[in-house]
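Single-structure report; data block below.
The values are calculated or read from the model by the stated rules, or taken from the named source; none is laboratory data. If you're wondering where the values come from, they're calculated on a predicted model, not measured in any experiment. No Cβ is skipped: glycine too gets one built from the backbone with ideal geometry, and neighbour counts run over all protein chains shown. In case anyone asks, the SASA skips ligands and DNA or RNA and just uses the protein heavy atoms, side chains included. Shrake-Rupley method; radii C 1.70, N 1.55, O 1.52, S 1.80 Å.
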Amino acid sequence: MGRSFEVRKASMAKTQGAKIKVYSKYGKEIYVCAKNGGSDPESNLSLRRLIEKAKKDQVPGHVIDKALDKANGTGGENYEVARYEGFGPGSCAVIVDCLTDNNSRTYMDVRQCFVKNDAKIGTPGAVSHMFEHQAVFQFKGDDEEGTLEALVMADVDVSDIEAEEGVITVFAPHTEFFKVKNALSDFLGDTPIDLEEITFVPQIDTQVSGEDVERFEKFLDMLNDCDDVQNVYHNAELI
């Protein structure tokens, strides 16, 4: 895995329209998280992680504040979590996480992304067994043994640590996210943590080549253009 594994991040796009779409997705996710678990990041750890992630992706403060204010109000939309699984171009495994106020509409939108790109949407559990739900951290460095020792001393459950090309990647159970973050912050000092995510890590990659590469990229673009899609995870290795 290491650097070759693509942890899916909401990236800042070049166009204003794409930026607005990213802000909208963060706003929706923050609203739902705060509505369900409370709007205080100190007591709602999932919300704290989400806000930190949004800030790292340069989401403006007013977008975050608006979502929190909306969650504190009465009424509002009733979003539900929807997850779709299937096989993308080249038979790679794909998980699509959504927040929706209309399951039928969202299912049809996501299904069309599969159908139009020689992909097949499956039933719940079709591919999720091929992934592990993990916390992933990356930072510049090469002291793999020192990193492991610091995490062990902090009583952190670590799944794996890899050092490659001057970058260290730490994998841990998703429930250990904040313990890993705090232990790494103490160990690294002023060295920034470049990546901190809870994501689905594939247990094995599927090589996608030839014409399937273009289909796969179009497939991802279509999914990311769907208003209800929040995150897309896959095990494709483009060659």
Query - the chain - mean residue ellipticity at 222 nm from DSSP helices (-39,500 (n - 2.57) per run, n ≥ 4, rounded to 500) - result: -13000 deg cm²/dmol
Query raised in the report: Just one of (1) 7, 28, 35, 24, 6, 0; (2) 7, 28, 29, 21, 12, 3, 0; (3) 7, 22, 24, 22, 14, 7, 3, 0 is P(r) over Cα pairs in 10 Å bins from 0, in percent calculated from these coordinates, so which is it?
Result: (1)
**Report entry** Farthest positive-ward along the chain dipole, Cα basis, beta-carbon charges - from 31, 137, 238
**Finding:** 31
**Report entry** Lys, Arg +1 and Asp, Glu -1 on Cβ, resulting dipole of segment 67-122 about Cα centre, debye, nearest 20
**Finding:** 220 debye
Query raised in the report: Given a 1.4 Å probe, how much area per residue of segment 87-239 is accessible, in Å²?
Result: 49 Å²
Report task. Among the lysines, select those whose C-alpha is under 16 Å from the C-alpha of residue 19, and discard any that sit fewer than 8 residues away in the same chain. Result -> 9, 28, 53, 55, 56
Query raised in the report: Hey, in the GNM for the chain with a 10 angstrom Cα cutoff, which one of 133, 174, 62 fluctuates hardest?
Result: 62
Requested in this report: Work out the charge dipole of the chain with +1 on the Cβ of Lys and Arg and -1 on the Cβ of Asp and Glu about the Cα centre, then indicate which of 43, 93, 61 is farthest towards its positive end.
Outcome: 61
Query raised in the report: So which residue, out of 135, 82, 93, gets the largest mean-square fluctuation from a GNM of the chain using Cα contacts under 10 Å as springs?
Result: 82
Report summary line: Rounded to the nearest Å, the spacing of the alpha-carbon centers of segment 155-227 and segment 26-72 is 21 Å
Report task. Would you mind telling me the share, in percent, of accessible area of the chain contributed by carbon and sulfur at probe 1.4 angstrom? Result -> 47 percent
Query raised in the report: Given 0.36 nm per residue, what is the gain on full extension from residue 128 to residue 150 after removing their alpha carbon distance, in nm?
Result: 4.8 nm
Query raised in the report: What relative contact order, as a whole-number percentage, does the chain give when Cα pairs under 8 Å and 6 or more residues apart are counted?
Result: 23 percent
Report task. Using 0.36 nm per residue of separation minus the Cα-Cα distance, give me the extension gain between residue 221 and residue 36 in nm, one decimal. Result -> 63.6 nm
**Report entry** Student exercise, segment 27-148 dipole from Lys, Arg, Asp, Glu Cβ charges, in Debye to nearest 20
**Finding:** 540 debye
Query raised in the report: How big is the accessible area of residue 108 in square angstrom, nearest 10, if you roll a 1.4 angstrom probe over the protein chains?
Result: 90 Å²
Query raised in the report: How about segment 12-106: which GluC sites (Glu not before Pro) there are in a DSSP loop, with at most 14 other Cβ atoms within 10 Å of their Cβ?
Result: 42, 77
Report summary line: GNM of the chain, Cα pairs under 10 angstrom: of 229, 156, 136, the biggest fluctuation goes to 156
Requested in this report: About the Cα centre of the chain, how large is the charge dipole given +1 on each Lys and Arg Cβ and -1 on each Asp and Glu Cβ? Please answer in debye to the nearest 20.
Outcome: 1280 debye
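Could you rank 63, 81 by how accessible they are, 1.4 Å probe, largest area first?
Putting 63, 81 in descending order of accessible area: 81, 63.
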Query raised in the report: Picking from 187, 123, 220, whose Cα lies most toward the positive end of the charge dipole for segment 81-239 (charges on Cβ: Lys, Arg +1; Asp, Glu -1)?
Result: 123
